[in-house]
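Questions regarding the structure given below will be posed in turn.
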Amino acid sequence: MTDTKKVLITGGAGLIGSIIINRLGNKYEFSSLDLRAVDGVPSTVANLDNLEAIIPAFNLIDTVIHLAADRSPEGSWDSILKNNLIATYNVFEASKLAGVKRVICASSNHAEGGFYLDAPWKHINDGNFHLLEQDNYELITEKCMIRPDSYYGVSKAYGESLGSYYNDYHELSSFHLRIGWVLEDDDPTFSPYALSLWLSHRDTAQILDLCIEAPLSHRYDIFNATSDNAWKIFDIKHLKKTLGYIPEDRAGSNFIRREYTRRD
């Protein structure tokens, strides 16, 4: 017998899944559910839109980290419906059926991306830092209204709502991380938007570790999840106060505009 927690990662072959496995693999017993296998990790290869096909992956799992999705804010409705809405329902339903204790969902800043249309946050996205006084402007908190900027953002707000329902009526705990931007090369200096949203690899691992270890008496929550960036848009005080998050990284003000290629 072992007390090591068994953690299933949907999208374990992706960027964030790889970061978690590489940095926390000595602490947890990870498995992956994705469209391709992960080397060195027990893997189920299946599509999340097929509930019957994915149910076996949830057997004897303590915690699910749900990352798999169409991650593009430009994603079509058909793709978002299949890969985000139906898939997220299937993850919660499979977790309920298997007796999983907690689901940790990758939500997104895009659930509130409509705020980028307004000052002061549009000034940050545009790189007009000179129009603001650092640390002296309003930040977006988890209590602000939902303002999705895309079907993708809508799907992430839906995931938060679905988690609330499963917590209240099916006793399945869930945390929802409004992730800023995790980058392949961990370097946000290609745009002011990236500087504001950057979540470093080691801060990513710390946050997921804190979510896994949080007491089960903490049933449901939503957390903004970025590093402690100089020109942040989203307030991370709730994550610091509630789970003890201590960011190790901080993006500054300097950037050189260039193209960023996303890992799929």
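The numbers here are math on the coordinates, done by the rules we state, and not lab data. Small disclaimer: the values here were computed from a predicted structure and weren't measured. In this analysis, Cβ positions are derived from the backbone assuming ideal geometry, glycine residues included, and neighbour counts consider all displayed protein chains.
Return yes when residue 64 is over 27 Å from residue 232 (Cβ atoms), surrounded by 23 or more Cβ atoms within 10 Å (Cβ to Cβ) and of a type outside the set (Phe, Trp, Tyr) and no when it is not.
Answer is yes for this residue.
Quick one: would you say residue 127 is touching a residue at least 60 places away in the same chain (Cβ under 8 Å), of a type in the set (Gly, Ala, Ser) and not in a loop (DSSP other than H, G, I, E, B)?
No, not satisfied.
Where residues in segment 106-157 are over 18 Å from residue 74 (Cβ atoms) and among the aromatic types (Phe, Trp, Tyr), which of them is nearest to the chain's Cα centre (by Cα)?
115
Okay, next question. For segment 216-264, how many residues meet the condition of being within 25 Å of residue 162 (Cα to Cα), in a loop (DSSP other than H, G, I, E, B) and hydrophobic (A, V, I, L, M, F, W, C)?
Residues flagged as within 25 Å of residue 162 (Cα to Cα), in a loop (DSSP other than H, G, I, E, B) and hydrophobic (A, V, I, L, M, F, W, C) within segment 216-264 amount to 2.
Okay, moving on. Consider segment 116-136. How many of its residues are of a type outside the set (Lys, Arg) and surrounded by fewer than 16 Cβ atoms within 10 Å (Cβ to Cβ)?
Total satisfying the criteria: 12.
Moving on to the next point. Could you please find all residues in segment 175-211 being buried (at least 20 other Cβ atoms within 10 Å of the Cβ) and within 21 Å of residue 91 (Cβ to Cβ)?
Correct list: 175, 176, 177, 178, 179, 182, 204, 207, 208, 211.
Could you tell me which numbered condition residue 239 fails, if it satisfies all but one of (1) closer than 20 Å to residue 111 by Cβ; (2) crowded, with 20+ Cβ neighbours inside 10 Å; (3) out of contact with any Ser or Thr (no Cβ under 6 Å at 6 or more places or on another chain); (4) touching a residue at least 60 places away in the same chain (Cβ under 8 Å)?
(4)
Are there any pairs with C-beta distances below 7 angstrom linking a residue in segment 6-29 that is assigned to a helix (DSSP H, G or I) to a residue that is aromatic (Phe, Trp, Tyr) and surrounded by 18 or more Cβ atoms within 10 Å (Cβ to Cβ), with the two at least 6 apart or on different chains, and if so which?
Pairs found: 21/30.
When segment 165-206 is examined, which residues are found to be under 19 Å from residue 66 (Cβ atoms), assigned to a helix (DSSP H, G or I) and polar (S, T, N, Q)?
167, 204, 206
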